[in-house]
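Have a look at the structure below before the remarks.
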């Protein structure tokens, strides 16, 4: 089955990084450390960085790399530390940081 849609990761950053370029470089280093030259050549799009630099949203193209591989590399990074807040193939669903549940009553 060919994956055609993008996948999105909302990540918390410790320490905070307000610069999109610094976040991209940190993710690149984590991919390079985890998967070598092949991992380091993976392109990611940093779509959003919170005003205080505590969170970011990254777009992953599943035709080029699995979002699970990106997540594994990012969360294994010692500094900065990336922590998954939420992931989804549907970007607007990342607006809510907390899972929402509906009642069927």
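When the square roots of the Cα gyration tensor eigenvalues are ordered a ≥ b ≥ c, the ratio a/c for the range 11-73 is 1.5 or more and a/b exceeds b/c, which makes its shape prolate.
Of 87, 20, how do they rank once you tally other Cβ atoms within 10 Å and put the fewest first? Please list the in-between numbers first.
Values: 87 18, 20 15.
Taking fewest neighbouring Cβ atoms as first place, the list is 20, 87.
Per residue, the chain reaches -9500 deg cm²/dmol at 222 nm when only DSSP H runs of four or more residues are counted, each adding -39500 (n - 2.57).
Can you tell me the 0 to 90 degree angle between the C-alpha axis of helix 67-76 and the longest principal axis of the chain, rounded to 10? That works out to roughly 70 degrees. Computed over the chain, relative contact order equals 39 percent, with contacts defined as Cα pairs under 8 Å that lie 6+ residues apart.
Taking the longest Cα principal axis of the chain as reference, the axis of helix 20-40 is set at about 70 degrees. Here Rg/Rh (Cα atoms, Kirkwood Rh) was computed from the coordinates, and among [x] 1.00; [y] 1.10; [z] 1.16 the match is [x]. Going by neighbour counts of Cβ atoms within 10 Å, the residues 37, 75, 56 line up, fewest first, as 37, 75, 56. Among 7, 43, 28, the order by Cβ neighbours within 10 angstrom, fewest to most, reads 43, 28, 7.
Read the figures in this text as sums done on the coordinates, not as results from a lab. Worth saying up front: this structure is predicted, and the values here are computed from it rather than measured. In this analysis, Cβ positions are derived from the backbone assuming ideal geometry, glycine residues included, and neighbour counts consider all displayed protein chains.
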